Amino acid sequence: MTTIDQRDSLLPLGDHRLFTRSWAPSGPEASRLAPILLFHDSLGCIELWRSFPEKLAAATGRRVIAYDRLGFGRSDPHPERLGVGFVADEAESVVPHLCGQLGITDFVACGHSVGGAMAIETAARWPQRCQALVTIAAQTLIEDRTLAGIRVAQGDFQDAGNLARLARYHGDKTAWVLDAWIGTWLSPAFADWTLDRPLAGVRCPVLAVHGELDEYGSTRHPQRIAEGRGEALILSGIGHVPHREAEATLVAAIENLLAAV
């Protein structure tokens with residue numbers, strides 16, 4: 001049985017701090033392989049990955065690193081309202097800083113939902129360093145289904161119980177987190193957002209995973225991501241969170257991709 005060493009750290013990002021966690025398999029192999037960098041979704045944080053990172057580390061033999069984006073989870077509050085260019089900004093500014101702090105040269109980019117979009121931007125921005133790209137329930141443009149799902153969630157968060165459950169992970173930052181998702185995605189200024197440009201710049205092997213029943217995006221997204229670049233894996237009966245709804249299947253698919261990298 002593989003032993004996994006879990007470590008937490010707070011890393012400086014300018015005047016702020018990012019909370020990170022790594023899962024490292026025992027043995028020398030893990031230090032030779034490029035680690036997997038996880039990008040969480042719009043309401044996410046490290047804790048909401050649940051058991052997925054540890055199981056991914058054990059299956060692939062690679063170090064897995066997750067972090068709470070600024071404003072989320074245990075990272076410091078964000079000093080401003082989220083800008084409409086936040087997806088590309090994460091790849092441009094935060095990723096190289098994070099890699100420098102953690103001593104990472106090459107990596108595998110893996111993200112869920114908007115984190116998948118950030119993983120795509122990262123793969124395109126750093127083609128010499130990104131060895132593979134995995135997207136999980138990622139969106140590549142604004143669909144009516146995306147906006148409809150967000151509006152349903154907006155209504156759900158009028159319930160104090162739902163808001164309290166989210167606050168368990170984000171504390172006093174919860175209102176900001178909700179606005180960073182709902183306010184940004186429903187903004188007219190964000191209506192023309194697409195990943196057409198970064199998708200054209202992706203050069204590494206790609207696995208685009210999507211649930212058949214995803215309420216925030218159709219299977220058009222994984223097909224666009226994988227076209228000419230890799231595999232689109234559509235999971236029957238699965239919704240927006242494959243790493244919880246079909247964890248073993250997802251881990252096996254990623255393991256299979258990375259075995260050839």
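Observations
- No other residue among 70, 43, 38, 48 is of a type outside the set (S, T, N, Q) and either over 15 Å from the mean Cα position of the chain (by Cα) or part of a helix (DSSP H, G or I) (or both) apart from 48.
- Scanning the stretch 112-156 for residues that are outside any helix (DSSP H, G or I), under 30 Å from residue 259 (Cβ atoms) and of a type in the set (Val, Ile, Thr) yields a total of 4.
- Tally of residues being of a type outside the set (Lys, Arg) and part of a helix (DSSP H, G or I) across the stretch 207-261: 21
- Residue in the stretch 154-168 that is crowded, with 17+ Cβ neighbours inside 10 Å, more than 14 Å from residue 43 (Cβ to Cβ) and modelled with pLDDT of 95 or more present: no
- Among the residues of the stretch 19-38, the ones that are modelled with pLDDT of 95 or more, out of contact with any Phe, Trp or Tyr (no Cβ under 6 Å at 6 or more places or on another chain) and hydrophobic (A, V, I, L, M, F, W, C) come to 6 in all.
- Considering the conditions (1) within 29 Å of residue 163 (Cα to Cα); (2) of a type in the set (D, E, K, R); (3) in contact with a strand residue (DSSP E or B) (Cβ under 7 Å, 6 or more places away or on another chain), residue 5 is excluded by exactly one of them, (1).
- Hits in the stretch 1-35 - residues which are assigned to a helix (DSSP H, G or I) and of a type in the set (Lys, Arg): 32
- Looking only at the stretch 55-95, residues that are under 21 Å from residue 121 (Cβ atoms) and basic (Lys, Arg) come to 2 in all.
The values are calculated or read from the model by the stated rules, or taken from the named source; none is laboratory data. The structure displayed is predicted, hence computed values, not measured ones. All Cβ positions, even for glycine, are placed from backbone atoms using ideal geometry, and neighbour counts span all protein chains on display.
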